[in-house]
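Step one of this worksheet: look at the structure below.
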Amino acid sequence: MTFFYKWVFPVVWLGFVGLGVFTGLFSEHTGQGSLDPMIVVIPIFMFAFGFFLFRQLLGGLVDEVTLDGDNLIVKKGDEHLRISLADVINVNSFSSINPRRISLRLRNSTRLGRDIDFIPAGRRRSLRFLGMTRLDPLAEELIDRIEALRRGSR
């Protein structure tokens, strides 16, 4: 779903806004002889707002994160990283936003930065509002595995 949220949905949404601008500019106007500026201003504002919103919310997401033993395999574009779970110092889960996401804070910075954000795979809870304050099950599993690694290394 990351590909859909990062590429398909923004292109479709911004495309419809662009189609609105195009239609407003080139459709025939009856009655008054001039173009109402709101036909252009509002879609341009929506386009700019949507672009910056998509960039802020979805731009930092990595494409894929998989668990391989005590390591995470992180992929973003052509970049592939192997990160030890022992290098993760914090796990946050954001289930009250759509799409839900998990954010990992790393002990040291990597080529992708110090924070790794991704959309967890799996089924969504159907009644999300009842479990808004609960951690994502995958985030809970990561926290448990990281804590087990820390206890084992002492």
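Annotations
- Simple spin-label estimate for residue 9 and residue 94 gives 1.2 nm between the two label positions (7 Å along the Cα-to-Cβ direction from each Cα).
- Calculated on C-alpha atoms, the gyration radius of region 54-127 divided by its Kirkwood radius gives an Rg/Rh of 0.96.
- Stretchable slack from residue 39 to residue 56, in nm (0.36 nm times residue separation minus alpha-carbon distance): 3.5 nm
Bear in mind these aren't lab numbers, they're just calculated from the coordinates by the rules spelled out. In this text, all values refer to a predicted model and were calculated from it rather than measured experimentally. So basically every Cβ, Gly included, is an ideal-geometry build from the backbone, and we count neighbours across all protein chains shown.
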